[in-house]
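The values are calculated or read from the model by the stated rules, or taken from the named source; none is laboratory data. Keep in mind that what you see is a predicted model, and the values were worked out from it rather than measured. So basically every Cβ, Gly included, is an ideal-geometry build from the backbone, and we count neighbours across all protein chains shown. Ligands, DNA and RNA are stripped out before the accessible areas are found, and what is left, the full protein with its side chains, is counted by its heavy atoms. Shrake-Rupley method; radii C 1.70, N 1.55, O 1.52, S 1.80 Å.
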Amino acid sequence: PADRNRQDSVRVDSVANLRALIGYPVAGFEPFVTGGLAMLQLDQSHQGPTDANTPPTLNNWSQNATQFGASIGVGADLHLMDHVAYRIELLQDFFPSLHTNWTDSPARSSDSQFGMTSIRMAVNYQF
């Protein structure tokens with residue numbers, strides 16, 4: 001059964017991508033595909049009782065984690081003026097599951113799966 005005294009939380013500190021882009025220009029419009037490496041930095045915490053006392057003694061554990069995964073996406077650049085391009089892209093980042101052992105006595109662990117979908121828009125000035 002669920003225990004109201006146990007809580008897990010995760011905060012995303014940062015996300016980074018290193019990607020290659022392949023596109024083909026057609027009359028001021030350049031569709032592209034992209035893919036590469038994704039990195040995710042997390043702060044995780046767990047709160048829970050460590051004894052059978054009433055009320056229970058609650059402890060807090062926390063740790064930072066960095067995960068590496070894959071990033072894929074599609075998008076397009078639209079060239080409407082000289083030196084100016086408008087970009088829109090859809091990215092999907094995939095990360096492996098993360099198993100965190102909080103403590104061995106009593107046994108506490110968490111399993112998490114992370115993925116991120118982003119829609120990005122930009123205006124680029126080309127020199």
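General observations
- Selection status of Asn64, assigned to a strand (DSSP E or B), open to solvent by 20 Å² or more (accessible area, probe 1.4 Å) and either aliphatic (A, V, I, L, M) or at pLDDT 90 or above (or both): yes
- Qualifying residue in the stretch 36-43 (condition: open to solvent by less than 60 Å² (accessible area, probe 1.4 Å), without any contact (Cβ under 8 Å) to a residue 40 or more places away in the chain and within 19 Å of Ala107 (Cα to Cα)): no
- In the stretch 67-95, the residues that are under 17 Å from the mean Cα position of the chain (by Cα) and open to solvent by 70 Å² or more (accessible area, probe 1.4 Å): Phe68, Ile72, Leu90, Phe94
- Of residues in the stretch 103-127 being of a type in the set (S, T, N, Q) and over 24 Å from the mean Cα position of the chain (by Cα), the one least open to solvent (accessible area, probe 1.4 Å): Thr103
- Being loosely packed, with under 13 Cβ neighbours inside 10 Å, more than 14 Å from the chain's Cα centre (by Cα) and part of a strand (DSSP E or B) is a property that Asn53 lacks.
- Residue pairs whose Cβ atoms lie under 6 Å apart, sitting 6 or more positions apart in sequence or on different chains, and linking a residue in the stretch 6-29 that is closer than 19 Å to Trp61 by Cβ and open to solvent by 80 Å² or more (accessible area, probe 1.4 Å) to a partner that is of a type outside the set (Lys, Arg) and not in a loop (DSSP other than H, G, I, E, B), are Arg6/Gly48; Gln7/Gln47; Asp8/His46; Asp8/Ser110; Arg11/Asp43.
- Breaking point among (1) open to solvent by less than 80 Å² (accessible area, probe 1.4 Å); (2) without any contact (Cβ under 8 Å) to a residue 24 or more places away in the chain, for Thr100: (2)
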